[in-house]
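First up is the structure itself, then whatever we jot down about it.
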Amino acid sequence: MQRVAIAMNFILNPEVYLLDEVSANLDPMNLKLLDDFIMKIKQNKEKTIIMSTHDPLEAIKYADRIAVLSKGQITQIGTPNEIFTAPKDEFTALFVGYENILYGTAELDESTGLSQIKVNDLIITASSQQEGNVKVCIRPESIGIVKEPAKNTSYRNTFEGIVENIRELGNICHLIVRCKSEKFFIKNPEDAYDT
């Protein structure tokens, strides 16, 4: 029924396509056909597509502009890059994959121009110049782990931690790592942890 409904809308050739969770429950073959069709429309720029989705990867793949809705209200509008790199609230941050959200107090270090954020017994350095109460949002795939402390690293923040949980999901590995008072959710390719 879903394939027929999609096909009927595409055959009518409207000026605007309204797609509501269009990829839900589609098998991989039909999902590929739908993807090809949407990308063709997007490249030709002849039609407008308005799509609702709960899938952040689908949003970033198809959208030129994204509006994030929470409880019927728009919380943020922007390009995929703006939404995914600078979410304006916690709901948007969670939607786009910032699963590590920490609360702390920031002070500006005048000598470096960086913020030093105290999160319980951790000090996190951030490039954004903030002061006062802040939320630190970190993507699970932005955290790297190593068995031995790295002497030369480009990471601004390094903490010693204990792995509390490992969950292997095919070629991806999820970990929970405790660093002092805080727990971090980490998501990386499984082969990243062989060293």
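The values are calculated or read from the model by the stated rules, or taken from the named source; none is laboratory data. None of these values were measured; they are calculated from a predicted model. Please note: Cβ atoms are built from the backbone with ideal geometry, for glycine as well, and neighbour counts cover all protein chains shown. For accessibility, only protein heavy atoms count, side chains too; no ligands or nucleic acids. Shrake-Rupley method; radii C 1.70, N 1.55, O 1.52, S 1.80 Å.
Annotations for the structure displayed:
- Using only alpha-carbon positions in region 8-94, the gyration tensor eigenvalues give semi-axes of 24, 14, 12 Å once each is multiplied by 5 and square-rooted (largest first).
- Full extension of the chain segment joining M39 with N13 gains 7.8 nm, where the gain is 0.36 nm per residue of separation less the Cα-Cα distance.
- Within the accessible surface of the chain, defined with a 1.4 Å probe on protein heavy atoms only, the carbon and sulfur portion equals 54 percent.
- When the Cα positions of I38, F95, T112 are compared along the charge dipole of the chain, I38 comes out farthest toward the positive end, with charges on each C-beta of Lys, Arg, Asp and Glu.
- Semi-axis lengths, Å, region 83-188, gyration tensor of Cα atoms, sqrt of 5 times eigenvalues: 24, 18, 13
- Distance between the modelled labels on K147 and H174, one decimal in nanometres: 2.5 nm (7 Å Cα→Cβ projection).
- Measuring against 26 Å, Cα to Cα, the residue pairs K61/K180; K32/K183; K61/K147; K47/K187; K71/K187; K135/K180 contain K61/K180; K32/K183; K61/K147; K47/K187; K71/K187 as the ones spanning a longer distance.
- Taking every Cα-Cα distance in the chain and sorting them into 5 Å bins from zero, the calculated P(r) comes out as 1, 6, 12, 14, 14, 14, 12, 9, 8, 6, 3, 1, 0 percent.
- Angstrom value of the Kirkwood radius, inverse mean 1/r, which spans all Cα pairs in region 60-121: 13.6 Å
- Solvent-accessible area of T158 with every protein chain in place, 1.4 Å probe, in Å² to the nearest 10: 100 Å²
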